[in-house]
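The values are calculated or read from the model by the stated rules, or taken from the named source; none is laboratory data. These numbers come from a predicted model, not from an experiment. A quick note on method: Cβ atoms are made from the backbone with ideal geometry, for glycine too, and the neighbour counts reach across all protein chains shown.
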Amino acid sequence: MNFKSITEWAELAAEDPVAWKSAITQAIGTCIGNTDTAVVSHDLSEQTFVGNGPLAGVPYVAKELFDVKGFPSHSSSVLPVVTELKATKHSAIVERMQTLGGSCVAKTQMNEFAYGLSGENPHYGNCPHPSLSGCLTGGSSSGSAHMVAAGYVPIGLGTDTGGSIRLPAAWCGLYGLRTVPEYYMDGCFPLAPSFDTVGWFTRTAEDLSIVLRAWFESNDGEIINGPLKGSAVLSEALVDTDVYKRLSEVTGSLALKAPEETAALEAMMPDCNQAFNILQSGEAYAIHREWLQSYGDLYDPAVKARILRGANWSSDEVEWALRKRSEVFAWFESYFENYDYLVMPICPRASVKLADATPDLREKTLRLTGPASLAQKPALTIPVTLLGNQTVGLQFIFKQLDAAVPLELLKLCANI
C-alpha cells in the first residue's frame, strides 16, 4: 500500500476529488480481496464525500458497533436481532467526525460484541496482523487497527473497555487514544457501559495530533505550562524479558522512575483483572441475558462463556470487586495530585499466533490494562518496536480528557 497521511489524503481530496474517491474504492476493495470478511464488515466507499472542516477529505473506518445510518450494527455477530436491523441515524462519534469533514468509508470487524482482546471471530474470520504472517491484530477493535496499520486509511475508530484500543495499537505499531466512559457513546452498542470508551487509531504521532487538535478544537501547545511530570510502573513479572528490557530503555530515555507511591498500585494489580472480570461480565450479562435464552447457540462460544460468568458471581464477590475498583480509583486520584501521567506496559509480549492467544495471556494483559479501566481514566498508546518488526506499547494514563496532555506526550515521545 501507498501509505498516505491525513494531510496527504486531504490534499488529494482538494486537488482531485475523482482520484481521491478512486483511491478509497481501491483501498477498500484491496483489503476485502486480501482478507475476505475478516476485516471489513461493510464497504461504504460508494457513499464517500469530501466534507468541510479540519478533517475535510480524510477517510476513516468505524468499528462495527458504531451506528452508521442505513446499515446494521451487528457487532460482528450473526444474531438476527442485530443483523436485520438498520440504524436510522449515525452514532454520536460518526456524526461528529462528519461535522469535522471526515468521511466514513467502511465499518470494520471485531471480536463478537467487543468481548475479547485477540481479534478472533468464528463468524467472519480471525483478523490477521497486517505485517506478521500468521499473527493476530489484537482486539477487540481488530478491523480498525488492521486497516490503519496496513495503510488503507489514516484513522480508525475503536472502543476500549479493558484494552480494546490499547492492545491492537500495541501489537500493530499504532498510536491510539482511549477516552472515558459515556463520552460520545450514543449509538454505540455497549459491552459494559461503566467501562466502555471510544477512541482513535493512527499510524503516526503527527496524524493523532491532527485528530486531537481537530476534535478538541485545540491549538498545539496552547495550554501546558512547563514540563509534564510522570513516572513508570513496568511490572517485570507481567511482561516477557525482552519486552521488559526494551520498555526499560524507553522509560529510561524519558527519565521516568517508579516513586514509592506506585508500590501500592503494583500491590493491587494482581486483583485488578479479577475485579474487572466480575464487574465487566456482570454488566455484559445484563445486556445479553434475554438474547442468550433465544439465540444462545449463535454466539461465539468463547464470548458466550465470558458473558455467562456474569450470572454466577455472588453478592460478596461483586462487593469485593466494587471495593477494589474504589481503591484503584482513589489511588489514581491521589497520584494525579502530584503527577500528570503514569506509564505502564500494555501487553506481556508482541503479537501472537492463534494457538498462543491463551486465557493466561488475556489475564496477564488485563492486569496491565485493568487499572486504567477500573479508574475510568483516558490513556494514550505509544508503540514501541522490538526485533523482527514486532511491536508492543506503553500506555500513558492521564487524569482527565482533553487535548493538552496527550499532545504534549506525543511531542515528548517523538523520538521513541
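Here are the numbers:
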{"quantity": "Of residues in segment 340-365 being assigned to a helix (DSSP H, G or I) and closer than 14 Å to L234 by Cα, the one farthest from the chain's Cα centre (by Cα)", "calculated": "K364"}
{"quantity": "In segment 174-206, the residues that are buried (at least 24 other Cβ atoms within 10 Å of the Cβ) and more than 24 Å from I307 (Cα to Cα)", "calculated": "L174, Y175, G176, L177, W200, F201, T202, R203"}
{"quantity": "Filter result (surrounded by fewer than 16 Cβ atoms within 10 Å (Cβ to Cβ) and touching a His at 6+ places or on another chain (Cβ under 9 Å)) within segment 33-47", "calculated": "T37"}
{"quantity": "In segment 127-163, residue surrounded by the most Cβ atoms within 10 Å (Cβ to Cβ) [restricted to those that are touching a Gly at 6+ places or on another chain (Cβ under 6 Å) and in a loop (DSSP other than H, G, I, E, B)]", "calculated": "S140"}
{"quantity": "Segment 246-263, subset outside any loop (DSSP other than H, G, I, E, B) and surrounded by 13 or more Cβ atoms within 10 Å (Cβ to Cβ), residue nearest to the chain's Cα centre (by Cα)", "calculated": "L247"}
{"quantity": "Only listed residue being under 17 Å from T161 (Cα atoms), of a type in the set (A, V, I, L, M) and surrounded by fewer than 17 Cβ atoms within 10 Å (Cβ to Cβ), chosen from L322, L354, L366", "calculated": "L322"}
{"quantity": "Test: residue in segment 336-350 that is of a type outside the set (D, E), under 24 Å from S253 (Cβ atoms), in the same structural domain as G252 (by TED's automatic domain parsing) and in contact with a Phe, Trp or Tyr (Cβ under 6 Å, 6 or more places away or on another chain)", "calculated": "yes"}
{"quantity": "Residues satisfying the stated conditions in segment 266-298, i.e. more than 17 Å from A192 (Cα to Cα) and not small (G, A, S)", "calculated": "E266, M268, M269, P270, D271, Q293, Y295, D297, L298"}
{"quantity": "Filter result (assigned to a helix (DSSP H, G or I), out of contact with any helix residue (DSSP H, G or I) (no Cβ under 6 Å at 6 or more places or on another chain) and not polar (S, T, N, Q)) within segment 373-389", "calculated": "L387, G388"}
{"quantity": "Looking only at segment 91-110, and only at residues there that are in contact with a helix residue (DSSP H, G or I) (Cβ under 7 Å, 6 or more places away or on another chain) and assigned to a loop (DSSP other than H, G, I, E, B), the one that is farthest from K4 (Cα to Cα)", "calculated": "M110"}
{"quantity": "Of the criteria (1) without any contact (Cβ under 8 Å) to a residue 60 or more places away in the chain; (2) over 26 Å from F216 (Cα atoms), which one A27 fails", "calculated": "(1)"}
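Listed here are the residues, each with its yes/no results for (1) surrounded by fewer than 24 Cβ atoms within 10 Å (Cβ to Cβ); (2) touching a Cys at 6+ places or on another chain (Cβ under 8 Å); (3) not hydroxyl-bearing (S, T, Y).
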{"site": "K21", "(1), (2), (3)": "yes, no, yes"}
{"site": "A27", "(1), (2), (3)": "yes, no, yes"}
{"site": "C31", "(1), (2), (3)": "no, no, yes"}
{"site": "F49", "(1), (2), (3)": "yes, no, yes"}
{"site": "G53", "(1), (2), (3)": "yes, no, yes"}
{"site": "Y60", "(1), (2), (3)": "no, yes, no"}
{"site": "G119", "(1), (2), (3)": "no, yes, yes"}
{"site": "Y124", "(1), (2), (3)": "yes, no, no"}
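A quick yes/no check of all residues on (1) within 20 Å of Y244 (Cβ to Cβ); (2) touching a residue at least 60 places away in the same chain (Cβ under 8 Å); (3) in the same structural domain as R349 (by TED's automatic domain parsing); (4) of a type outside the set (S, T, N, Q):
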position: I382; (1), (2), (3), (4): yes, yes, no, yes
position: T385; (1), (2), (3), (4): yes, yes, no, no
position: N389; (1), (2), (3), (4): yes, yes, no, no
position: L394; (1), (2), (3), (4): yes, yes, no, yes
position: K399; (1), (2), (3), (4): no, yes, no, yes
position: A404; (1), (2), (3), (4): no, yes, no, yes
position: L409; (1), (2), (3), (4): no, yes, no, yes
position: C413; (1), (2), (3), (4): yes, yes, no, yes
position: I416; (1), (2), (3), (4): yes, yes, no, yes
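Residues are listed down the side, and each one gets a yes or a no for (1) assigned to a helix (DSSP H, G or I); (2) under 30 Å from F332 (Cα atoms); (3) at pLDDT 95 or above:
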position: M269; (1), (2), (3): yes, yes, no
position: C272; (1), (2), (3): yes, yes, no
position: I287; (1), (2), (3): yes, yes, yes
position: I307; (1), (2), (3): yes, yes, yes
position: W313; (1), (2), (3): no, yes, yes
